[in-house]
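Following: one structure in structure tokens, then a few remarks.
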Amino acid sequence: MATVLYITANPRDDVRSYSMTVGKEFLQVYRSTHPQDEVVHLDLFKLDLPQHDGDVLDARDKLRQGVSFDQLTPVEQSKLGRIFQVLEQFIAADKYIFVSPIWNFSYPTVMKNYLDAIVLPGKTVRYNSDGSRTGLLGDKKAVHIQASGSIMSPGSGGNYADFEMGHRHMKAIMDFVGITSFQGIFVEGMQEFLNRAAEFKEKALREARQVAEFF
């Protein structure tokens, strides 16, 4: 049995959101073809995850300097402790389904904050003595479902493809922690080519079904 994290960064539901609509379709097919797996939904707009503020940065610095966790201030313990819980949940999972829209060329800030929580030396990446690094999550796999009003996916040739910073950033993070089994499903052009929105949506739904079956 595999544990799957279904990680969404959209305040809208699958009725009003293209990314959530495709995500729901992916999840339905996945559950029907992998009935033994456990799926845990993390709604990042509702997840109790502290921002990486001064308290968190100070706490991490103290730990690097050899200060024990129980010597941190109560605020530092509370914030960093919660971040560590989210990190351990990520490490313990086997597969990840990320779902997000493009907002101003990237994804919502809640997704960036989540990704900041799951990158930690000694846990998800190791820095080697020669200056190189080794991602520690090489046995995992992930898929990113992304919606955008314009055509922006890698290699699409869309007018705004060079501006896209969501999927590209996520791919960099996945590579960094060792997750090379990573692919994207894009529902795009929904505003730029409004008359073809239904066509683009159906294309993404078909791809989601195909990928989910063998994910």
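Filtering the stretch 8-39 to residues that are touching a Pro at 6+ places or on another chain (Cβ under 9 Å), part of a loop (DSSP other than H, G, I, E, B) and surrounded by 15 or more Cβ atoms within 10 Å (Cβ to Cβ) leaves ALA9, ASN10, PRO11, SER17. Across the stretch 179-209, the number of residues qualifying as in contact with a Gly (Cβ under 8 Å, 6 or more places away or on another chain), open to solvent by 60 Å² or more (accessible area, probe 1.4 Å) and either at positive phi or not in a loop (DSSP other than H, G, I, E, B) (or both) comes to 1. Restricted to strands (runs of 3 or more DSSP E) entirely inside the stretch 89-151, no element has at least 1 residues that are free of Cβ contacts under 8 Å to residues at least 12 places away in the same chain and within 27 Å of ASP162 (Cα to Cα). Scanning the stretch 158-178 for residues that are over 12 Å from the mean Cα position of the chain (by Cα) and under 14 Å from LYS141 (Cα atoms), which turns out surrounded by the fewest Cβ atoms within 10 Å (Cβ to Cβ)? The selected residue is ASP175.
Taking first residues from the stretch 37-53 that are free of Cβ contacts under 8 Å to residues at least 60 places away in the same chain and partners that are open to solvent by 50 Å² or more (accessible area, probe 1.4 Å) and in a loop (DSSP other than H, G, I, E, B), the Cβ contacts under 8 Å between residues at least 6 apart in sequence or on separate chains come to ASP37/MET1; GLU38/MET1.
Each row is one residue, and each column tells you yes or no for (1) more than 15 Å from LEU44 (Cβ to Cβ); (2) in contact with an Asp or Glu (Cβ under 8 Å, 6 or more places away or on another chain).
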residue: GLU88; (1), (2): yes, no
residue: THR109; (1), (2): no, no
residue: SER129; (1), (2): yes, no
residue: GLY155; (1), (2): yes, no
residue: GLY158; (1), (2): yes, yes
residue: ALA161; (1), (2): yes, no
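Among the residues of the stretch 152-176, just one is among the aromatic types (Phe, Trp, Tyr), closer than 26 Å to GLU199 by Cβ and not in a loop (DSSP other than H, G, I, E, B), namely PHE163.
The values are calculated or read from the model by the stated rules, or taken from the named source; none is laboratory data. Only a predicted model underlies this, so the values are computations on that prediction, with no experimental measurement involved. All Cβ positions, glycine included, derive from the backbone under ideal geometry; neighbour counts span all protein chains shown. What goes into the accessible areas is simple: the full protein's heavy atoms, side chains included, and nothing from ligands, DNA or RNA. Shrake-Rupley method; radii C 1.70, N 1.55, O 1.52, S 1.80 Å.
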